[in-house]
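Here's the structure we're looking at; comments come further down.
All of the numbers you see were taken from the coordinates with simple rules; none came from a lab. Quantities reported herein were computed from a predicted structural model and do not represent experimental measurements. Backbone-built Cβ (ideal geometry, glycine too); neighbour counts: all protein chains shown.
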Amino acid sequence: MAGNDNWINSYLDAILDAGKAAIGGDRPSLLLRERGHFSPARYFVEEVITGYDETDLYKTWLRANAMRSPQERNTRLENMTWRIWNLARKKKEFEKEEACRMLKRQPETEKTRADATADMSEDLFEGEKGEDAGDPSVAYGDSTTGSSPKTSSIDKLYIVLISLHGLVRGENMELGRDSDTGGQVKYVVELAKALSSSPGVYRVDLLTRQILAPNFDRSYGEPAELLVSTSGKNSKQERGENSGAYIIRIPFGPKDKYLAKEQLWPFIQEFVDGALSHIVKMSKAIGEEIGFRHPVWPAVIHGHYASAGIAAALLSGSLNLPMAFIGHFLGKDKLEGLLKQGRQTREQINMTYKIMCRIEAEELSLDASEIVIASTRQEIEEQWNLYDGFEVILARKLRARVKRGANCYGRFMPRMVIIPPGVEFGHIIHDFDMDSEEENPCPASEDPPIWSQIMRFFTNPRKPMILAVARPYPEKNITTLVKAFGECRPLRELANLTLIMGNREAISKMHNMSAAVLTSVLTLIDEYDLYGQVAYPKHHKHSEVPDIYRLAARTKGAFVNVAYFEQFGVTLIEAAMNGLPIIATKNGAPVEINQVLNNGLLVDPHDQNAIADALYKLLSDKQLWSRCRENGLKNIHQFSWPEHCKNYLSRILTLGPRSPAIGDREEQSNTPISGRNHIIVISVDSVSKEDLVKIIRNAIEVIRTQNMSDSTGFVLSTSLTISEIYSLLVPAGMHPTDFDAFICNSGSNIYYPSYSGETPNNSKITFALDQNHQSHIEYRWGGEGLRKYLVKWATSVVERKGRTERQIIFEDPEHSSTYCLAFRVVNPNHELRKLMRIQSLRCNALYNHSATRLSVVPIHASRSQALRYLCLRWGIEVPNVAVLVGESGDSDYEELLGGLHRTIILKGEFNIPLNRIHNVRRYPLQDVVALDSSNIVGAEGYSTDDLKSALQQMGMLKH
């Protein structure tokens, strides 16, 4: 019964998605004609659910209940109709709720954007005001149109790509095995191969997750895999001048479990620490291989998708290296689509998809990236423009100011670059006689095996083949395609239909949504009696996909993609490469693809009649078909991987040079630490100053009693200033020199304490500021101009109660420093980070001191990033670090809990509740922190026994 309920609900959801035409007065309802009397079902169908056609539902009900009595059929239909009404009412409630929310927030957002744009307009030259907004290179950055940017000479480049989710390997990719293993996996693997074959590139590493889970091939657990280009050996590789492309699998998260992308967020920092170790070792190794006296650092760290974006941002900040980003499919676009469906509230969507983590990661990627790569102009103007951190008009005006050397006061937009994905030309279509009338132009023994697997479905396999390659997701709109084919008799008589819907073992083992779509497809095939006309094979290899395209081309068929929206559509390019004309959705990237290829027709994906008409026109008009085929083959070179890589590298080489975190050996030898094997970091900011002093004293006492003072160092990590630290420790009779370093001002300053004389008794304490760290974090920092702007801006942040307004943020010069602008806070503003991003201010805004103080620091400055910096400078492995935190903390608290370091959470009543700080977070803490991780332990207090037991449990002390 439960299974039937799930099927019915999935079917009703599909009806609501279909957007049927409203029931008209001229066409009598089939339901009313059959039943002929008033009933609740009649009322709700005809009056309440106007906009949905009950005919399909009624047909399905009749087939499913053909042997039931009329009374049973009527009762069943009424129940199903009630469910439709409930779904429709629920959808309207969600739509109303969302509309009210957007209406409430829209004026504030629009005003902030308008103010930001107006500020940029004040002193533009007249010529700049009139710049062509239609030119993408002027509007928001760069494009591949026109001449390529000037580049410097390139040699021995090391490039790091990151793609964390799905099953990633070089050969026999299991595309379609699950929702995470699709086009992005193929894209990043082929990009790595193509880049490694490009002139000047020495090595490419594609970093992903190591998977050791049962029921998954052992290849996904191999630490490294050499990628071999399918286009043949590269001459550089034969001469030994190129190290090649590699998949590097970094272990993070549960070792024996495969995780969907929504479950990866708590383990991102583990990946960052593992990747950091690999990149440092590889950079040194490459430097030695090619005879340089210094490491060869990556020219760029390139994140793919939101999770890899936040990882790339953290790695970029840790190493002070340029970052690039590709969103692939953006979270805000997905959220808007789900809200429009009206089935789930925002909270339910976030629970299922962790959508707020994803959107925040994309916003952070905008903050940290120097270049954001888009496939189409539409992606920039309609999708990225939804984000707080990007706005087309403001981007154009900021770019105009930069060109003429005007001060932007710390405001910055990443450069948007349009580079369409490439395609692997290793399987380019072979020439053959398209007009051959031979019964069997190629002996069966020479046909690819997949051909026979498809042809066995058809009664007449010689008819033109309509081919669709898409996973069974609702947004791919496969059911509409089947309806278009099934209801158009001329098209059914002319052609066959082949549906390549991924690989599957059994429908019962598939994801619920995919199973529902596939069940609907099979139901429609049965309803229209399409047996012998539709192929839907269960299995195919990735290497066989080109053969499937070739089969469709040989039959003079067509490729069809009628997704409701297509982010890019690599399958359209693959079809063109194999001589196959296309019918594609008019929503999204296919519009721009068809402008280049001119090899098919565009249709409204909601209009099944238009789909059928376009397919019939293309397949029945031989001249049109031949012209589309020839155009596609002639223009396909514009989407080649070499062309993509040429454009890609030309942009990467324009990135400004930055100093890596690790300097030369002489500089490293001057760091004030030596001989440490372990580091204990005290980062407890949810306790009183008295309790903090006790925690520090007890932690030091534990190490001393274990005779580990020489091998174990201490770091105090805090939002306090160095003067506040001095005032905390010295009056309590503690020596600042008990610490190797102080991370101050929320990670924006690092100090090393020492005595100025020969002995402590006749010396005074001095604190040496780490100048290298200062230059390390200054990326996108606006300095004094930013401070003036923030002071002015803070006066506009007010709290309204009735007609009264009051300022809630005030400058706090006493606690500010060069790279930390401090403000006093009356009430934490939940939208503060949003407002700063709308103003294109790329900063970290961190609440501390129970949300009474706000620290604005550089985008790459934080306490966790400062800790990574110290580990790199001191040569200490991250797992040898223990971080002591409270049960809550400042607004960067979550960053201290993740990673490969050990974390000890000090529990007890001495913790000060910091609800005001943690209410600022846009998602629950458990979405981004694995509190059950083996790297996290709890201590029931901060006594010496509590600390000793926790450190023993962590393996930092012997039992």
Exercise for the section: Could you run the Debye sum over the Cα atoms of segment 688-772, one equal point scatterer each and no solvent, and tell me log10 of I(q)/I(0) at q = 0.10, 0.22 Å⁻¹, two decimals? Expected result: -0.25, -1.20
Handout entry: Burial order of peptide ranges 738-751, 706-719, 778-791 (average beta-carbon count within 10 Å, highest first)
Key = 738-751, 706-719, 778-791
Fill in the blank from the handout: For Ala535, the residues 5 or more places away or on another chain with a placed amide H closer than 5 Å to its own amide H are Leu497, Thr498, Leu499
Problem - segment 518-633 - convex hull of alpha carbons, volume per residue in Å³ - result: 117 Å³
Practice task
Could you check how many percent of all C-alpha pairs in segment 846-959 are farther apart than 17 Å?
Solution key: 60 percent
Exercise for the section: Quick one: which residues, 5 or more positions from Tyr202 or on another chain, have an amide H under 5 Å from its amide H? H modelled 1.01 Å from N in the peptide plane, none for Pro or chain starts. Expected result: Lys156, Leu157, Tyr158
Practice task
Quick one: what are the phi-derived ³J(HN,Hα) couplings along segment 412-419, Karplus 6.51/-1.76/1.60 with θ = phi - 60°, whole Hz, x for glycine and proline?
Solution key: 8, 10, x, 7, 8, 10, 9, 9
Exercise for the section: Report, ordered by chain and residue number, the lysines lying within cross-link reach of Lys156, taken as a straight Cα distance under 23 Å and ignoring same-chain residues fewer than 8 apart. Expected result: Lys193, Lys233, Lys236, Lys281, Lys284, Lys646
Problem - When each of Lys261/Lys476; Lys332/Lys617; Lys255/Lys958; Lys340/Lys617; Lys186/Lys354 is checked by Cα-Cα distance, pairs over 29 Å - result: Lys332/Lys617; Lys340/Lys617
Completion exercise
Among the Cα-Cα pairs of segment 504-567, the proportion with separation greater than 19 Å, in percent, is 53 percent
Fill in the blank from the handout: When all Cα-Cα pair distances of segment 740-847 are considered, the percent exceeding 23 Å is 42 percent
Problem - Cut-off under 5 Å, modelled amide H: who pairs with Gln706 long-range - result: none
Practice task
Pop out the ³J(HN,Hα) list for segment 590-605 in order, Karplus 6.51 cos²θ - 1.76 cosθ + 1.60 with θ = phi - 60°, rounded to Hz; leave Gly and Pro as x.
Solution key: x, 4, 6, 5, 5, 5, 7, 7, 6, 10, x, 10, 9, 9, 7, x
